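The structure appears below as structure tokens.
The values are calculated or read from the model by the stated rules, or taken from the named source; none is laboratory data. This one's a predicted model, so the numbers in the text were calculated from it and none came from an experiment. Note: ideal-geometry Cβ built from the backbone for every residue, glycine included; neighbour counts use all protein chains shown.
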Amino acid sequence: MIELLTADTPNGKKISIMLEEIKFNYKVTKINIFKEEQFKPEFKKISPFSKIPVIIDHEEKTSLFESGAILIYLGEKSGKLYNKNQRTVINQWLMGQMAYVGPMLGQHHQFHHYNPGKSEFGENRYFKISERIYKELDERLSQTKFLAGEDYTIADIATFPWIARHEWHDIGLKRFKNLTRWYEIISNRDAVQRGYDLLSNGDRIPKA
Ligand SMILES: N[C@@H](CCC(=O)N[C@@H](CS)C(=O)NCC(=O)O)C(=O)O
């Protein structure tokens, strides 16, 4: 059994979507990051940067932090969505999500969604970077069906919950037809819909 310690955020949803896709038995333990539960010593022991998500694999008596590392672990363990022959390509799109797409869109959330009017520089900078990310993903998806090629992989699972915040971004997902096609295909997967509703409170995937 896998225990997923998380909050209901894009990084958290990556893992519940993956667990639904590979049909692993799991339970969610909520970490309230607004009440600073991530800084409790028992959580810090398994998450040195005090961040969600974390998993505990009770069968293996092991725990993991960092969503990309968790996706790789679950992909290897299940033999699904992380095909051995495609790993070089999958890793690039996964690392690109971890190092660029997630952190930049995360900053855009901070300036544009949570704190508008506080910094014109921050708002403009991350709006432009986010728009550029939409364009870059759209360009890639004009060449391939999914990010790492013709198959749906952990690289798509890592990226999807961030694009699912498109209403916060105000960039206009529909302007990007390949990204929209990709978004709609993934949105329609049953496992993705179940995993998106991480805390079972009826959270639905926003339409494109
Ligand atoms: N690179 C990390 C980022 C995780 C992350 O930023 N988690 C946020 C929520 S989405 C968090 O735990 N924030 C609480 C904090 O930083 O105190 C991953 O992908 O796992």
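Figures for the structure shown
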quantity: Among residues of the range 177-191, those that are surrounded by fewer than 24 Cβ atoms within 10 Å (Cβ to Cβ) and either under 22 Å from S67 (Cβ atoms) or aromatic (F, W, Y) (or both), counted; calculated: 6
quantity: Selection within the range 141-180 - in a helix (DSSP H, G or I) and over 18 Å from the mean Cα position of the chain (by Cα); calculated: S142, Q143, K174, R175, K177, N178
quantity: Filter result (surrounded by 21 or more Cβ atoms within 10 Å (Cβ to Cβ) and over 10 Å from the mean Cα position of the chain (by Cα)) within the range 3-17; calculated: L4, L5, T6
quantity: Restricting the range 104-147 to residues that are farther than 12 Å from I171 by Cα and aromatic (F, W, Y), the residue that is nearest to the ligand (Cβ to nearest atom); calculated: Y114
quantity: Within the range 1-44, considering residues that are of a type in the set (S, T, N, Q) and under 20 Å from E76 (Cα atoms), the one farthest from the ligand (Cβ to nearest atom); calculated: N25
quantity: Extreme residue, surrounded by the most Cβ atoms within 10 Å (Cβ to Cβ), among residues of the range 192-208 that are hydrophobic (A, V, I, L, M, F, W, C) and in a loop (DSSP other than H, G, I, E, B); calculated: L198
quantity: Test: H112 is under 18 Å from N11 (Cβ atoms) and either surrounded by fewer than 14 Cβ atoms within 10 Å (Cβ to Cβ) or modelled with pLDDT of 95 or more (or both); calculated: no
quantity: Within the range 45-60, tally of residues that are more than 11 Å from the ligand (Cβ to nearest atom), surrounded by 12 or more Cβ atoms within 10 Å (Cβ to Cβ) and free of Cβ contacts under 8 Å to residues at least 40 places away in the same chain; calculated: 0
